[in-house]
């Protein structure tokens, strides 16, 4: 009889697998969306910083004057880098993009000296570039200042929309994740409701009852985290294997800095642990406050 009772007890023991799988899926979704968000953020920064403000100088301006201005501008807080384009380099670049028959009519002395300015991403807004452009146009040696205003605004607007969309999707998944884990936690605790109520009846405090349950679900989260990492890396590898033509995915992944990725994954793990612990706490508290007749 004791062996039969022991077998029945083992059969009634709730499985940890549903809780671990739920936590792993939640961490996987949060990690994937977070890394995608970081990738688009890095892509936006790269596109914005690669957009230059081109300064064209008058024919009377010398290379020494241009380099002196370049040195002066390098002290500005928005300055990232610059590139001085001599008449020879300008001629070479024009030859690469135009018909050789047309180039025979172009004289090297007719080309102006120019300077390409690149801004830091946090300062590369249309208003900031316009402000710097107006200041540069007032200099006597400057002939004209050109930058791609529409392209810059388009990049900023499109990336902002993508990031807001991803943020909204992340919030939706977080809400779904909390509900999923909460239900899984409640089912696990529901199987132990009589044990919890028995401990309460013999004088066990709420903290004494809740602590081991929270610890168990934190352990579930710690087990689920490496599983979610395997799923995440498997999904990324699968995308590259199935769709080899998606070079853009590899490019976006290249914009994620390793330190940012580590912080993102660590935050995902902490989030999963907090969700598991919070769900265990709320669910256990519910059964501790319930009456005995409501347990059946």
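The values are calculated or read from the model by the stated rules, or taken from the named source; none is laboratory data. Keep in mind that what you see is a predicted model, and the values were worked out from it rather than measured. Don't worry about glycine lacking a Cβ; one is built from the backbone with ideal geometry, like all the others, and counts go over all protein chains shown.
Odds and ends about this structure:
- In the range 178-204, the residue that is surrounded by the most Cβ atoms within 10 Å (Cβ to Cβ) out of those that are modelled with pLDDT under 75 and not in a helix (DSSP H, G or I) is 192.
- Output for the range 14-67, where each listed residue is part of a helix (DSSP H, G or I), free of Cβ contacts under 8 Å to residues at least 40 places away in the same chain and closer than 29 Å to residue 234 by Cα: 17
- Looking only at the range 208-238, and only at residues there that are loosely packed, with under 13 Cβ neighbours inside 10 Å and at pLDDT 80 or above, the one that is farthest from residue 29 (Cα to Cα): 208
- Some residue of the range 139-154 being surrounded by fewer than 18 Cβ atoms within 10 Å (Cβ to Cβ), at pLDDT below 80 and within 20 Å of residue 112 (Cα to Cα): yes
- Which numbered condition residue 132 misses (of (1) assigned by TED's automatic domain parsing to the domain that holds residue 70; (2) surrounded by fewer than 18 Cβ atoms within 10 Å (Cβ to Cβ)): (2)
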